[in-house]
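Okay, so here's the structure we're looking at.
Read the figures in this text as sums done on the coordinates, not as results from a lab. Just so we're clear, the structure is a prediction, and the values are computed from it rather than from any experiment. Cβ sites come from the backbone with ideal geometry, for glycine too, and all protein chains shown count toward neighbours.
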Amino acid sequence: MENPLLLSPQLSASSRMKQLYKSMKPFSKDGAKMEAKNGAQEKKNRLSLLLKKSELHPNPTHLDTFEKLTNASSDSPEEIKKWGESFDKLISQKAGMVAFTAFLKSEFSEENIEFWMACEDYKKIKDPVQLALKAKEIYKSFIEKDAPKEVNLDFNTKECASQNISHPTLNSFDTAQTKIYTLMEQDSYPRFLKSNLYSDLLNGRPLGYSALRRRSRSFTFNEFKDAQPDFAIWL
């Protein structure tokens, strides 16, 4: 009697393929589960890191600012709400200045408020010798090309400041200071009012609460929106 496998070679090949598929499927499925498990653990670790950090978490270089912000958060909501009335009211208050400076640091543009404050201090100097020294310091720090804290000024304003420091007066930087003030008022100030920092201070929440809450929601949705049930892997 002839061997049935020889009589039906196609059936035999099909059977072997089915057996091979059955033997591979558990392995592939287990591998996929292991990969998914590892991915979930990685996401969990990343979320843990997010939970440990706030938008303005203190670090060795910003401890002083963080402590001042903590003090600013103790201001009454009524006082903090006034910051939203005008840019002048914001920076005229010590706590408001601290909060706005911290916001600019988060945007890497703190040189603007530092320049403005340097100009304010400059105008209080009465000694001509000290005035000349301070004028050169401000120019080298904020205005000259490639200055370490160069502010965004047009060519004519820079040239005017350059000429003024040769015979400095209390008004040598008025034009430049006004332009930077306007830049902060029209550009940075509106963003500050919409920031997590201002929202947390205004509502008496812990610093960084809004950012952490948004990041947690974003993490949950974005990281798992493409997740599929196990059976979908085999479709």
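The table below lists the values:
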{"read-out": "Coil-residue trypsin sites (Lys or Arg not before Pro) of the stretch 94-129, DSSP, other Cβ within 10 Å capped at 12", "value": "Lys124, Lys126"}
{"read-out": "Across Lys105/Lys134; Lys105/Lys149; Lys82/Lys194, pairs whose alpha-carbon gap is larger than 21 Å", "value": "Lys105/Lys134"}
{"read-out": "FRET efficiency estimate (nearest 0.05) - Cβ-Cβ, Lys136 to Thr182, R0 22 angstrom", "value": "0.30"}
{"read-out": "Efficiency of FRET from Cβ geometry, Lys105 and Asn171, R₀ 35 Å, rounded to 0.05", "value": "0.75"}
{"read-out": "Extension gain (nm, one decimal) between Lys194 and Glu144, 0.36 nm per residue minus Cα-Cα", "value": "14.7 nm"}
